[in-house]
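Enquirer: One structure, pasted below without further comment.
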Amino acid sequence: MPARSLHCVRPTPALPRSPRGSALRPLDLSQVTLHPHGALGAWQELNASATIPHCIAQLETSGAIDNFRRLVGESGAEHRGFVFADSDLYKVIEAVAWEIGRSGTTVHDDWLDEMIALIARSQEPSGYLHTWVQGVHPEKKFAELHWTHEMYVLGHWLQAGIALARTTGRSDLLDLAVRFVDLVDRRFGPGREAGIPGHPEIETALVELFRHSGEQRHLDLAQHLVDQRGRDILPGGGFGAHYFQDHLPVREATDPTGHAVRQLYLNAGVTDLFLETGEKALGDVMHEQWERVHTRKMYLSGAFGSRHRDESFGNDHELPSDRAYAETCATIADLHWTWRMMLAEDDPRHADVIEREIHNALAASVDATGTRFFYSNPLQRRPDRFDEENSPAERQEWYSCACCPPNIARTIAQLGAYVAGYRQDAQSTSLELLQLADASITLPAEVGSGTIHVETDYPDSGTVRLRAESLRTAEHARLGVRIPGWVRSGTFAAAAGSERPLSADELSARRLELPLEEVDAAVLVLDMPPRWTTSHPRVDATRGCVALERGPLVHCLEQVDMPQGVEVDDLIVPADATACAKEDGSLELTVLHRPSGGDLYRSALEEHAPDSAAPTKVTVSSPRFARWGNRGPGAMRIWLPRER
């Protein structure tokens with residue numbers, strides 16, 4: 001019989017023990033139900049029925065599970081996959097755990113029992129477990145921390161164990177992981193041997209372990225690993241210290257750099273430390289990094305990482321569309337970090353970023369079947385695009401480096417955690433609707449009791465209806481509804497009042513507030529006209545171009561929608577172009593088609609000579625970027641040159 005946890009079982013991914021002032025507090029997955037007829041709820045249903053089972057099957061096909069079996073003589077196969085392949089299993093277990101917390105499913109119970117028993121048999125008496133080291137290079141145990149990913153893998157193991165403990169009450173997987181934590185603490189803890197992971201991830205997991213167990217030593221270990229960065233511990237090799245975020249002490253590193261996923265996972269852990277310790281220097285550096293990441297190094301789609309080399313951030317405003325690496329895991333890592341920043345700073349821009357990521361880069365990373373994935377998510381696909389490692393021209397069922405598909409599965413299973421929160425101070429309490437989604441939200445005891453039903457087909461439209469059930473509220477309890485930053489106008493109508501425009505103050509604050517007792521039958525309508533977006537003038541790759549957006553959604557053009565003889569790469573947006581919404585969610589617009597010809601270079605004078613062929617007008621459909629690539633391969637682009 002699985003052991004039962006004696007600790008906190010609130011099913012939520014990040015649960016700070018002490019709020020920063022009147023900052024937001026998270027709700028449990030049990031308090032937020034995403035409805036299956038809404039966009040996010042439907043995605044969770046697809047994740048449960050297709051993506052998670054697909055991941056479990058691929059763990060067998062890829063050899064990730066056999067890597068454990070061969071350690072205990074239950075498989076004769078050679079080790080397969082990268083040195084960190086164990087983390088694929090842990091992420092899928094975490095996905096299953098959050099799905100249990102969401103739906104109460106028992107369909108994976110036998111598989112969980114089998115996997116946890118296998119992990120237990122594979123673990124050394126010391127607590128150590130890393131199938132590549134144990135089964136291929138035992139001499140490298142803790143000898144190459146910059147590359148063997150032992151602590152990174154342990155971080156995902158911890159997160160899976162915590163998720164399972166919080167959603168089911170069983171602590172057997174977490175107990176096994178804590179044995180490895182104890183070993184790491186004895187070897188690399190405060191006052192012991194110097195050593196940090198080359199790939200951050202354990203830091204945020206250790207802080208969550210502290211929150212779950214209440215044991216200070218886990219927080220101290222996380223703090224120690226963060227404090228050692230930038231002190232010449234890791235060998236840079238051919239990658240250099242920047243790649244590992246080891247070039248400066250954390251409190252001095254204001255510029256996001258190096259491997260994008262590593263930087264963003266590290267930032268999640270550092271922000272978690274700030275949430276627990278309140279250390280101003282950590283809060284300040286994370287604030288500065290967040291500003292720089294999201295104003296200088298984020299793609300319009302909510303993706304990160306502009307260089308294939310080192311899978312890294314580029315320089316400020318270095319954001320090529322066709323050569324964007326834009327790893328799916330980087331978007332997920334930033335979602336986790338930005339959620340923690342929201343808990344720390346309570347800025348509506350954080351929720352805006354999460355919205356952009358969920359509805360664009362993350363949504364585009366998986367196809368309509370839930371079983372084919374992008375590792376890299378460029379904003380442009382050229383017609384002659386060729387496959388590269390982890391950057392294929394089309395989505396794949398799996399990857400040799402399979403970090404992204406399990407990461408998608410675990411993130412979608414926990415989406416409800418990012419939809420709402422609550423705020424409490426000496427004067428009042430409020431429920432905060434942070435993401436506009438079709439959902440039912442059970443009030444936390446601090447706010448009252450009862451349920452708020454949110455009825456919307458967002459992001460298809462901007463209409464949000466509120467309904468209350470069995471509502472009893474605390475004194476002065478309020479409801480705050482985030483107004484996304486893209487909104488320029490809208491209306492609101494309370495049950496007993498007439499419709500009124502949203503005020504300039506509400507639009508500026510990005511928040512509509514009303515007494516909770518007046519929620520029932522209230523209707524918020526956000527105007528969602530299509531709009532043209534330009535990039536910062538320093539983004540050379542998109543200078544002179546525009547992108548089409550509607551609401552939180554980025555749109556694109558796909559070759560599959562083009563009339564005969566028209567190439568996506570030959571289209572120009574007229575200066576007075578407009579677009580209109582269609583019933584299928586796409587936009588229709590008229591663009592100019594000017595065949596580019598065969599000359600690689602031509603005189604700027606010749607390009608617009610009076611006798612040159614006049615462009616023809618073409619009416620085309622612009623689908624959501626999130627849905628591109630579902631109708632076959634072909635060219636695609638978000639940014640389009642604009643008529644001069």
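Enquirer: Only one residue in Arg472, Arg500 is at pLDDT 95 or above and either over 27 Å from the mean Cα position of the chain (by Cα) or basic (Lys, Arg) (or both), so which one is that?
Expert: One residue alone meets the criteria, Arg500.
Yes/no per residue for (1) under 23 Å from the mean Cα position of the chain (by Cα); (2) under 22 Å from Gln216 (Cβ atoms):
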site	(1), (2)
Tyr243	yes, no
Arg251	no, yes
Leu264	yes, no
Asn267	yes, no
Leu282	yes, yes
Val285	yes, no
Thr295	yes, no
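Enquirer: Exactly one of (1) farther than 19 Å from Val353 by Cα; (2) among the small types (Gly, Ala, Ser); (3) within 25 Å of the chain's Cα centre (by Cα); (4) in a loop (DSSP other than H, G, I, E, B) is unmet by Ala541. Its number?
Expert: Evaluating Ala541 over (1) farther than 19 Å from Val353 by Cα; (2) among the small types (Gly, Ala, Ser); (3) within 25 Å of the chain's Cα centre (by Cα); (4) in a loop (DSSP other than H, G, I, E, B) leaves (4) as the failure.
Enquirer: Sticking with this one: Report, by residue number, each residue of segment 512-538 that is outside any loop (DSSP other than H, G, I, E, B) and either surrounded by fewer than 17 Cβ atoms within 10 Å (Cβ to Cβ) or in contact with a Leu (Cβ under 7 Å, 6 or more places away or on another chain) (or both). Before the answer, list the steps.
Expert: Initial filter on segment 512-538 (outside any loop (DSSP other than H, G, I, E, B)): 512-518, 523-526, 531-533.
Leu512, Glu513, Leu514, Pro515, Leu516, Glu517, Glu518, Val523, Leu524, Arg531, Trp532, Thr533, listed by residue number.
Enquirer: Residue pairs, Cβ under 6 Å, 6 or more apart or interchain, first in segment 409-434 and β-branched (Val, Ile, Thr), second in a loop (DSSP other than H, G, I, E, B). List them.
Expert: Close Cβ pairs satisfying both conditions: Val419/Gln435; Val419/Ala437; Thr429/Glu446; Thr429/Val447; Thr429/Ala474; Thr429/Ala477.
Enquirer: Continuing with the same structure: Please state which of the following conditions Trp337 fails to meet, knowing it meets all the rest: (1) of a type outside the set (Asp, Glu); (2) closer than 25 Å to Gly101 by Cβ; (3) in contact with a strand residue (DSSP E or B) (Cβ under 7 Å, 6 or more places away or on another chain); (4) assigned to a helix (DSSP H, G or I).
Expert: Of the numbered conditions (1) of a type outside the set (Asp, Glu); (2) closer than 25 Å to Gly101 by Cβ; (3) in contact with a strand residue (DSSP E or B) (Cβ under 7 Å, 6 or more places away or on another chain); (4) assigned to a helix (DSSP H, G or I), the odd one out for Trp337 is (3).
Enquirer: Given the structure, is Val554 modelled with pLDDT of 95 or more, surrounded by fewer than 22 Cβ atoms within 10 Å (Cβ to Cβ) and at negative phi? Step through it out loud before you land on a result.
Expert: Numbers: modelled with pLDDT of 95 or more: yes; surrounded by fewer than 22 Cβ atoms within 10 Å (Cβ to Cβ): no; at negative phi: yes.
No: the conditions fail for Val554.
To keep it simple, each residue is scored yes or no on (1) crowded, with 16+ Cβ neighbours inside 10 Å; (2) assigned to a loop (DSSP other than H, G, I, E, B); (3) of a type outside the set (S, T, N, Q).
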site	(1), (2), (3)
Arg251	yes, no, yes
Val261	yes, no, yes
Tyr265	yes, no, yes
Ala268	yes, no, yes
Thr271	yes, no, no
Phe274	yes, no, yes
Leu282	yes, no, yes
Glu288	no, no, yes
Arg292	yes, no, yes
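Enquirer: Select, from Arg192, Arg187, the only residue that is assigned to a loop (DSSP other than H, G, I, E, B) and of a type in the set (Lys, Arg).
Expert: Values: Arg187 fails: assigned to a loop (DSSP other than H, G, I, E, B).
Going through Arg192, Arg187 in turn, just one is assigned to a loop (DSSP other than H, G, I, E, B) and of a type in the set (Lys, Arg): Arg192.
Enquirer: So, of the residues in segment 77-94 that are among the aliphatic types (A, V, I, L, M) and touching a Ser or Thr at 6+ places or on another chain (Cβ under 8 Å), which turns out to be nearest to Ala165 (Cα to Cα)?
Expert: Of all residues in segment 77-94, those among the aliphatic types (A, V, I, L, M) come to 77, 83, 85, 89, 92-93.
Still in the list and also touching a Ser or Thr at 6+ places or on another chain (Cβ under 8 Å): 83, 85.
Details: Val83: 27, Ala85: 23 Å.
Of everything passing the filter in segment 77-94, Ala85 is nearest to Ala165 (Cα to Cα).
Enquirer: Right, here's the next one. Of all residues in segment 185-222, which are of a type in the set (S, T, N, Q) and in contact with an Asp or Glu (Cβ under 9 Å, 6 or more places away or on another chain)?
Expert: Result: Thr204, single match.
Enquirer: Quick check on Ser312: is it within 25 Å of Gly269 (Cα to Cα), over 16 Å from the mean Cα position of the chain (by Cα) and buried (at least 22 other Cβ atoms within 10 Å of the Cβ)? If you could, list the steps in order and put the result at the bottom.
Expert: Details: within 25 Å of Gly269 (Cα to Cα): yes; over 16 Å from the mean Cα position of the chain (by Cα): yes; buried (at least 22 other Cβ atoms within 10 Å of the Cβ): yes.
Yes.
Enquirer: Quick one: would you say Val366 is free of Cβ contacts under 8 Å to residues at least 60 places away in the same chain and either basic (Lys, Arg) or surrounded by 23 or more Cβ atoms within 10 Å (Cβ to Cβ) (or both)? Steps first, answer last, please.
Expert: Working: free of Cβ contacts under 8 Å to residues at least 60 places away in the same chain: no; either basic (Lys, Arg) or surrounded by 23 or more Cβ atoms within 10 Å (Cβ to Cβ) (or both): yes.
It is false that Val366 is free of Cβ contacts under 8 Å to residues at least 60 places away in the same chain and either basic (Lys, Arg) or surrounded by 23 or more Cβ atoms within 10 Å (Cβ to Cβ) (or both).
Enquirer: Taking only pairs six or more apart or across chains, which ones have beta-carbon atoms under 6 Å, a first residue in segment 226-246 that is more than 21 Å from Phe274 (Cα to Cα) and of a type in the set (A, V, I, L, M), and a second residue that is outside any loop (DSSP other than H, G, I, E, B) and at pLDDT 90 or above?
Expert: Leu234/Phe244
The values are calculated or read from the model by the stated rules, or taken from the named source; none is laboratory data. In this text, all values refer to a predicted model and were calculated from it rather than measured experimentally. Reconstructed Cβ throughout: ideal geometry from the backbone, glycine too, with neighbour counts over all protein chains shown.
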